[in-house]
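A.B. asks: What follows is a single structure, and I will ask about it in a moment.
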Amino acid sequence: MKTTVKILSALLICFMFTACDDDLLDVDFDTTVKATIVANVEQNQETINESVVLSLDNNDTHDYLNKIKDVTIKKLTYRIISFSGDSQGSVDVNFYADNITLKTEAFVVNDAYSSATIFEVTDVSKLNTMADLLKTNKSTTVGISGNTVATEAAMNFNIEVTAELEVTANPL
């Protein structure tokens, strides 16, 4: 009887360690991914739709890219990093990831640039949906679409999109 109990105990312990091995090897790390949306609005142009691919592949994630188990977006921001043209030109746009509207903003582009305004997406359910896209596809298309007003001249501006991420991967 003692031998049977020892064997069953040993099997139970082996089973417990085998079931947990994958999770014990998980690696959690933080990384930041960025992309720049290039926007050109001609004088009197009424609409805009510009986008760029935001990729999960960078120096931190490259070795784990096909082994990622989870992605969490800790912070998602966008800001105007360059501007030229109609100083009163404005936009009323949806900021999106694939087909998901993350945030809607209306602003004078030069003012947002001059004041270094940082727009932040805070809707957790939308951030989670975008994180799932990154986990599954390793990238997502981010962009702006909506209305523009540039009556004095054309305007050109770049929007930097920054996603601060927490990634869980398993090297095996």
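The values are calculated or read from the model by the stated rules, or taken from the named source; none is laboratory data. Owing to the predicted nature of the structure, the values given are computational and were not obtained by experimental measurement. For neighbour counting, all protein chains shown are included, and Cβ atoms are generated from backbone atoms with ideal geometry for every residue, glycine included. We work out accessible area using only protein heavy atoms, side chains counted, and drop any ligands, DNA or RNA first. Shrake-Rupley method; radii C 1.70, N 1.55, O 1.52, S 1.80 Å.
A.B. asks: Within the bounds of region 67-77, is there any residue that is among the aliphatic types (A, V, I, L, M) and at pLDDT below 90? Break it down into steps so the answer makes sense when it comes.
C.D. replies: Within region 67-77, the first condition is being among the aliphatic types (A, V, I, L, M), and the residues that meet it are 68, 71, 73, 76.
Right, trim to at pLDDT below 90 and you get none.
Looking for residues that are among the aliphatic types (A, V, I, L, M) and at pLDDT below 90, one finds none in region 67-77, hence no.
A.B. asks: Given the residues Ser90, Ser51, which is the only one that is within 15 Å of Thr140 (Cβ to Cβ) and modelled with pLDDT of 95 or more?
C.D. replies: On the way: Ser90 fails: within 15 Å of Thr140 (Cβ to Cβ).
Answer to the selection: Ser51.
A.B. asks: Among the residues of region 50-72, is any assigned to a strand (DSSP E or B), open to solvent by 70 Å² or more (accessible area, probe 1.4 Å) and free of Cβ contacts under 8 Å to residues at least 60 places away in the same chain? Steps first, please.
C.D. replies: At the first step, the residues of region 50-72 found to be assigned to a strand (DSSP E or B) are 50-55, 68-72.
Those left that are additionally open to solvent by 70 Å² or more (accessible area, probe 1.4 Å): 53, 69.
Filter once more, so that each one left must be free of Cβ contacts under 8 Å to residues at least 60 places away in the same chain: none.
No, because not a single residue in region 50-72 is assigned to a strand (DSSP E or B), open to solvent by 70 Å² or more (accessible area, probe 1.4 Å) and free of Cβ contacts under 8 Å to residues at least 60 places away in the same chain.
A.B. asks: Taking Asn128 as meeting all but one of (1) farther than 30 Å from Asp70 by Cβ; (2) within 12 Å of the chain's Cα centre (by Cα), write down the number of the exception.
C.D. replies: (1)
A.B. asks: Out of curiosity, is Thr140 out of contact with any Lys or Arg (no Cβ under 9 Å at 6 or more places or on another chain), β-branched (Val, Ile, Thr) and crowded, with 16+ Cβ neighbours inside 10 Å? Don't jump to the end; show me each part of the working.
C.D. replies: On the way: out of contact with any Lys or Arg (no Cβ under 9 Å at 6 or more places or on another chain): yes; β-branched (Val, Ile, Thr): yes; crowded, with 16+ Cβ neighbours inside 10 Å: yes.
In short, yes.
A.B. asks: Taking region 88-102, which residues are open to solvent by less than 60 Å² (accessible area, probe 1.4 Å) and not in a strand (DSSP E or B)? Give the derivation first.
C.D. replies: Pass one, region 88-102, residues open to solvent by less than 60 Å² (accessible area, probe 1.4 Å): 89-91, 93-98, 100-102.
Gly89, Asp98, listed by residue number.
A.B. asks: Something else: Please go through region 103-137 and give me each residue that is of a type in the set (Val, Ile, Thr), open to solvent by 50 Å² or more (accessible area, probe 1.4 Å) and part of a helix (DSSP H, G or I), ordered by number.
C.D. replies: Here is the first cut: in region 103-137, the ones of a type in the set (Val, Ile, Thr) are 104, 108-109, 117-118, 121-122, 124, 129, 136.
Now drop any that are not open to solvent by 50 Å² or more (accessible area, probe 1.4 Å), which leaves 104, 118, 122, 124, 129, 136.
Matches in region 103-137: Val124, Thr129, Thr136.
A.B. asks: Continuing with this model, one more query. Could you go through region 45-58 and let me know if any residue there is in contact with a Leu (Cβ under 6 Å, 6 or more places away or on another chain) and farther than 16 Å from Asp132 by Cα.
C.D. replies: no
A.B. asks: Among (1) open to solvent by 90 Å² or more (accessible area, probe 1.4 Å); (2) within 28 Å of Ala169 (Cβ to Cβ); (3) at pLDDT below 95, which single condition is Leu25 missing?
C.D. replies: (1)
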